[in-house]
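To start, the structure under review is shown below, and the notes come after it.
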Amino acid sequence: MGAGLAPDRPGGASRGPARRTAAQTGPGGAKKIVAWLGSATQQLRRLVPRVAADLQVRVSVGTLRRLARRAGYSWKRTRRSLKARRDAVLFGFFQQEVQALHALEAAGALRVVYVDECRFSRLAPVPYAWQVRGQAPVALPAERGGGGHTVLGLWQAKAPGQPLTSYVLPGALTADLFVAALDEYSQALSGPTVLVLDNASVHRAACVQARHGVWAARGLRLQFLPAYCPELNLIEILWHRCKHYWLTPDDYRTEQTLRDKLDYLMPRVGTEYTVTFS
């Protein structure tokens, strides 16, 4: 018998389900366990009593981990997705549209700039970090409510040097501030530029629409993406890098240290801080 197999002894008192390896759960046992894992399972421990009840065997959590790995599972982050809510046809169309814009950019016909705003607060999104073994975990702020900073970014993601124009603002971005930023940005353009952005209310406000003609005369055009398609706005990748890699736990100590790091980081995107696209 294989290691880990301990059947009930004849003539002896029953000791409950035998402890076995995943491969020894009987015909189809391993397949049943994999089916119970589904597309994602957080706690393998919850499967232990189900295996005992349905397959009449006892397995350890370690055995279930090995079985999951052999079946192609790995322990990794899940992620939020809006795919189920978007129009797949529109997504495909705009995906091709963005690719066409980048082809024109590569030919020198225009610039493609991704636009979005991101809030940075002391509610630090840093769940994992390398820390000294044996010492208490590093304590991060858990402050909600007021405070924080909003960064409005205009990022030429696929251009050499990945130039970023950024505005670090206290509080939230308003439509009037958005207009002021694009007015300033459009006055410095040296050629045709397409801004790729989502349908946030500040981007669609009446005061913004009233300036479209002025910006167009300066060579600036706004290309709005369909709803629920954040993957098409490459600046989302930049915000993720900022929050999860480039800001450190020490940067969240106070409002001022956070602001100081944002003021240091944003002008250095494309030089000290870069994103590599495959």
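The values are calculated or read from the model by the stated rules, or taken from the named source; none is laboratory data. Note that the structure is predicted; figures quoted are calculated from it, not measured. Because the Cβ atoms are built from the backbone with ideal geometry, glycine has one as well, and the counts that use them run over all protein chains shown. Surface accessibility is based on the protein's heavy atoms, side chains included, excluding ligands, DNA and RNA. Shrake-Rupley method; radii C 1.70, N 1.55, O 1.52, S 1.80 Å.
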With all protein chains present, the chain has a carbon and sulfur share of its accessible area (1.4 Å probe) in percent of 53
Which whole-number value in Å² is the accessible area per residue of the chain, probe 1.4 Å? 61
Per DSSP H run of n ≥ 4, the term is -39500 (n - 2.57); total these for the chain, divide by its residue number, and report the mean residue ellipticity at 222 nm rounded to 500 deg cm²/dmol. -9500 deg cm²/dmol
Amide N proximity, the stretch 206-229 versus Leu189 label position 7 Å along Cα-to-Cβ, cut-off under 11 Å: 212-223
Descending accessible area (1.4 Å probe), largest on the left, turns Ser74, Ser60 into Ser74, Ser60
Each label point is 7 Å from the Cα along the Cα-to-Cβ direction; what then is the distance between the points at Asp176 and Ala52, in nm? 6.6
What is the spin-label model distance, in nm, from Cys207 to Tyr245 if the labels are put 7 Å beyond Cα along the C-beta direction? 3.6
What is the calculated FRET efficiency for Ala200 to Ala35, with r their C-beta to C-beta distance and R₀ = 51 Å, to the nearest 0.05? 0.75
In nm, the gap between the two label points placed 7 Å beyond Cα toward Cβ at Gln42 and Asp260 is 3.7
Can you give me the P(r) profile for the chain? Cα pairs, bins 5 angstrom wide beginning at 0, each as a whole percent. 1, 5, 9, 11, 12, 11, 9, 8, 7, 7, 6, 5, 3, 2, 2, 1, 0, 0, 0
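How large is the Kirkwood hydrodynamic radius of the stretch 105-244, in angstrom, based on all distinct alpha carbon pairs? Walk me through the numbers on the way to the answer.
On the way: mean 1/r = 0.0593 Å⁻¹.
Result for the stretch 105-244 stands at 16.9 Å.
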Of all DSSP beta bridges located in the chain, what percent are antiparallel, nearest 5? 55
